[in-house]
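Encoded as structure tokens, the structure appears first; notes follow it.
Taken together, the values in this text are just the output of simple stated rules run on the coordinates, not laboratory data. Everything quoted here is computed from the prediction, not taken from an experiment. Because the Cβ atoms are built from the backbone with ideal geometry, glycine has one as well, and the counts that use them run over all protein chains shown.
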Amino acid sequence: MGAEHYPPPWFSVAPMMEWTNNHYRTLARLISKKAWLYTEMLAAETIVYQTGNLDRFLAYGPEQHPIVLQIGGNNLENLAKATQLATPYGYDEINFNCGCPSPRVVGHGCFGVCLMLDPKFVAEAMCVIAANTNVPVSVKCRIGLDGHDSYNELCDFIYKVSSQSPTRHFIIHSRKALLNGISPADNRKIPPLKYEYYYALLRDFPDLQFTINGGINSIDEVNAARMEGAHGVMLGRAAYSNPWRILGLVDSSVYGAPLHSITRRQVLEQYQVYGDSVVRMYGNKPNIRDVVKPLLGLFHGEPRNVVWKRKVDAALLHCTTIKSLLEETLGEIPERVLDAPITEVPSGSTDMFIKYYVL
């Protein structure tokens, strides 16, 4: 259908390899109807060389809209072919990865965040992607990498990519990447956040759309960023590890919809139907542990959560269905937790972005 048929991307869940798969996105959509969801990053070569098995990588349920496909790569021909193959699946936007610092990415053909050093190629890649799809295209990047982390260098990247391609939307992870051997997890913590770069981009490129990413962990902080002018806000690990308190408040607190009356028991009942259908259809790939994994954050911060997760881990050794696993373990969670609807609660800072309004 395309992005114009859905609410604006004021809130989105970041693409996370081995995390934002079909299972997580199914759970996320049961909790929030309006959040924008991203796939894991898919290498263009994976799509091109798996033409006989595309559903495994590209298929998703229609309820997952609005949904963005993120692809990565550094070969224009493969990017073109991958986009062509993905287009029939009806994604609402195609995003190009210029921000991943994982050694598996930057060390394999030099793509991900390394591409920020070659804005001319990124512009060419975006032209190729846009020419092979009928939906908007976007770039996800960092504010720089290693010693190339000045605001002027970031502006040069944004200017060249936007002026030489149809790209009008950039997702900015407000940290630089360090490619000195530190882990992807450390790259999410060690480089300092520089929100001032993001807000300066809003000022200096008024015709472009920018989504802020990095260090934002609550709905209050999402709204604080938007109150200071952010076009959109993207959360990663917080939306995965605490989906009830994050995604559960997106529709009401960010988009102004009535507060969702669904309970966690109802979410689990619906997810169980999905999960068992997947297990029946595909057998051991994915296995039941893969399907259960997104549920492990559903009771984050609640009484008996740790005990429940321990019991789930034990049940996974012998349970063959999601239904039997839930029947065996949910007794550890208090009834009042299972049956309580989502409620509005203060969850974080409301002034963390004020000082970053200008560079």
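Normalising the average separation of contacting C-alpha pairs (under 8 angstrom, six or more residues apart) by the number of residues puts the relative contact order of region 153-238 at 29 percent. Remark: 288, 47 ranked as 288, 47, counting other beta-carbon atoms within 10 Å and listing the fewest first. Taking K and R as +1 and D and E as -1, what net charge do the other residues with C-beta under 13 Å from the C-beta of residue 301 add up to? Charge balance near residue 301 sits at +3. Computed from backbone phi with θ = phi - 60° and the Karplus coefficients 6.51, -1.76 and 1.60, the 3J(HN,Hα) list for region 60-72 is 7, x, x, 6, 7, 4, x, 9, 10, 8, 9, 10, x Hz; x is used for glycine and proline.
Residue order for 17, 41, fewest other beta carbons within 10 angstrom first, comes to 17, 41.
Summing charges over neighbours of residue 323, with a neighbour being any other residue whose Cβ is under 12 Å away from its Cβ, gives -3 when K and R count +1 and D and E count -1. Our summary gives the chain a relative contact order of 17 percent, counting only alpha carbon pairs under 8 angstrom and 6 or more residues apart.
For the chain, the share of DSSP beta bridges that are antiparallel, to the nearest 5, is 5%.
Going by the alpha-carbon gyration tensor, a ≥ b ≥ c the square roots of its eigenvalues, is region 172-288 rounded (a/c under 1.5) or, if a/c is not under 1.5, prolate (a/b greater than b/c) versus oblate? Oblate, since a/c reaches 1.5 and b/c is not below a/b. In plain terms, the chain from residue 261 to residue 5 could stretch by 89.7 nm, reckoned as 0.36 nm per residue minus the Cα-Cα distance. Applying 1/(1 + (r/R0)^6) with R0 = 41 Å to the Cβ-Cβ distance of residue 335 and residue 49 gives a FRET efficiency near 0.25.
Each Lys or Arg adds one and each Asp or Glu takes one away; over the other residues whose Cβ falls under 13 Å from the Cβ of residue 142, this sums to +2.
Summarising the label geometry, the points placed 7 Å from Cα in the beta-carbon direction at residue 156 and residue 277 lie 5.2 nm from one another. Take every Cα pair under 8 Å whose residues are at least 6 apart in sequence, average their separation, divide by the length of region 264-338, and the relative contact order is 37 percent. Dividing the helix sum by the residues of the chain, where each DSSP H run of 4 or more adds -39500 (n - 2.57), gives a mean residue ellipticity at 222 nm of -11000 deg cm²/dmol. Relative to the Cα centre, the charge distribution of region 88-230, modelled as +1 at Lys and Arg Cβ and -1 at Asp and Glu Cβ, gives a dipole magnitude of about 240 debye. For region 153-222, trypsin sites (Lys or Arg not before Pro) are listed when DSSP marks them as loop and at most 13 other Cβ atoms sit within 10 Å of their Cβ; the list is 189. As a proxy for reagent exposure, 300, 318 were ordered by neighbouring Cβ count within 10 angstrom, fewest first; the result is 318, 300. In plain terms, the chain from residue 318 to residue 190 could stretch by 42.0 nm, reckoned as 0.36 nm per residue minus the Cα-Cα distance.
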